[in-house]
């Protein structure tokens, strides 16, 4: 797991904007975001430590459960960090970000009314969905994504905002609970089109501000693993030079790597830059980081033809999932070589979304059924007590003892050799997200969409 050391001084370096006085923690979603949106809702399940499930407590929830505070809202996107969650609500006038869970590094964007060196521990947890304000208050947010301990939002204006812990792209390593716009892209005359984050890595797709039809460019910051295992660190966005050779359509951040989807000569391919996150995690605390300045050459670690019907790609530690427009789901093996394996179909149909986390993968079909692979203790209701006991071991005695109790079979091997577990049904669901040990599912953001 990516580890960060927090300094309260750094976290509160900027004077916080206090939230309005309220009898409850929640800054309630407005009637505008609820109006005509009864099909919109958010479900969550998993290990509720730090309040990251949004139910107001830290309970273990084994099946999808509606987050009451967001019921009836028009939810455009959801995303999971390691210990926090975010949702993008679609209002009548603008998109609004709500966050909950751990605020230890400021990743939930919650600003207590009184901040200082001796804050109460309660300020580190946001147990109910709370609107992220500050400079986002008047922005129309169109997308939001989580890294492990940070959050990234894209405004309709093309501005990118970051907050939380680690490398936020602002040329520093300070934690910050105040969403701050990155001035980098304005300074170089670029407008950001899309964002992606995973673990310690963030990537964006951008074009020249005066020529929106120009070929998009890929920028990244955070940690990216080189083929030799060296960790490359960028505190500000760097240009991925290797992606300039193709007409890039979209990007997806992996844990220490980047997937770049391009369309050239009628052929759509996915190119992986950097190796999978398993190597990155092993070396994170042991390998000396190398500073990256301005341009990242980015050696290609694999190219695969993904076909013309591609809907979405997700990247895990050493594999990927490819979702086609026809509802089929395929696996992609991501070795540290120049050749990826061809997509292999799974025996599932009518899939509309999927997501990969460090310990589990989930997919959603058109009937709202949730299927999952991973540690059985995340999905078996009969194992709740044992799950709680294992989590206590993780927290109280350290991750090494936890590792002794878990299976060594990789997530990729489980996906290709085991039948997925049917976790539950989320009627009207349109999207899913996976964290380290918790899950989110969202309903529709369209009026009257069932």
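The values are calculated or read from the model by the stated rules, or taken from the named source; none is laboratory data. Here the structure is a predicted model, which means the values were calculated and not measured. Cβ coordinates were reconstructed from backbone atoms using ideal geometry, including for glycine residues, and neighbour counts include every protein chain displayed.
Table for the structure above
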quantity: Some residue of the range 118-131 being under 14 Å from residue 178 (Cα atoms) and at pLDDT 90 or above; calculated: yes
quantity: Which numbered condition residue 144 misses (of (1) in contact (Cβ under 8 Å) with a residue 40 or more places away in the chain; (2) over 30 Å from residue 359 (Cβ atoms); (3) assigned to a strand (DSSP E or B)); calculated: (2)
quantity: Matching option when the condition is in a loop (DSSP other than H, G, I, E, B), within 19 Å of the chain's Cα centre (by Cα) and at pLDDT 95 or above, among 367, 429; calculated: 429
quantity: Matching residues in the range 329-345 - criterion: being at pLDDT 80 or above and either under 23 Å from the mean Cα position of the chain (by Cα) or buried (at least 20 other Cβ atoms within 10 Å of the Cβ) (or both); calculated: 329, 330, 331, 332, 333
quantity: Residue list for the range 46-84, filter: touching a residue at least 60 places away in the same chain (Cβ under 8 Å), farther than 15 Å from residue 443 by Cβ and in a strand (DSSP E or B); calculated: 46, 47, 60, 62, 63, 79, 80, 84
quantity: Residue check, residue 153 more than 23 Å from residue 274 (Cβ to Cβ) and crowded, with 24+ Cβ neighbours inside 10 Å; calculated: yes
quantity: Selection count, the range 181-232, where residues are on the phi < 0 side of the Ramachandran plot and part of a strand (DSSP E or B); calculated: 28
quantity: Selection within the range 68-79 - at pLDDT 95 or above and farther than 12 Å from residue 98 by Cα; calculated: 68
quantity: Every pair of residues 6+ apart whose Cβ atoms lie under 6 Å, when the first sits in the range 235-256 and is in contact (Cβ under 8 Å) with a residue 12 or more places away in the chain while the second is in a helix (DSSP H, G or I) and surrounded by fewer than 22 Cβ atoms within 10 Å (Cβ to Cβ); calculated: 236/184; 237/184
quantity: Identity of the residue in the range 397-426, at pLDDT below 90 and assigned to a loop (DSSP other than H, G, I, E, B), that ends up nearest to residue 334 (Cα to Cα); calculated: 410
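Here is a yes/no grid of residues against (1) touching a helix residue (DSSP H, G or I) at 6+ places or on another chain (Cβ under 6 Å); (2) surrounded by fewer than 20 Cβ atoms within 10 Å (Cβ to Cβ):
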{"site": "194", "(1), (2)": "no, yes"}
{"site": "219", "(1), (2)": "no, no"}
{"site": "237", "(1), (2)": "yes, no"}
{"site": "240", "(1), (2)": "no, no"}
{"site": "256", "(1), (2)": "yes, no"}
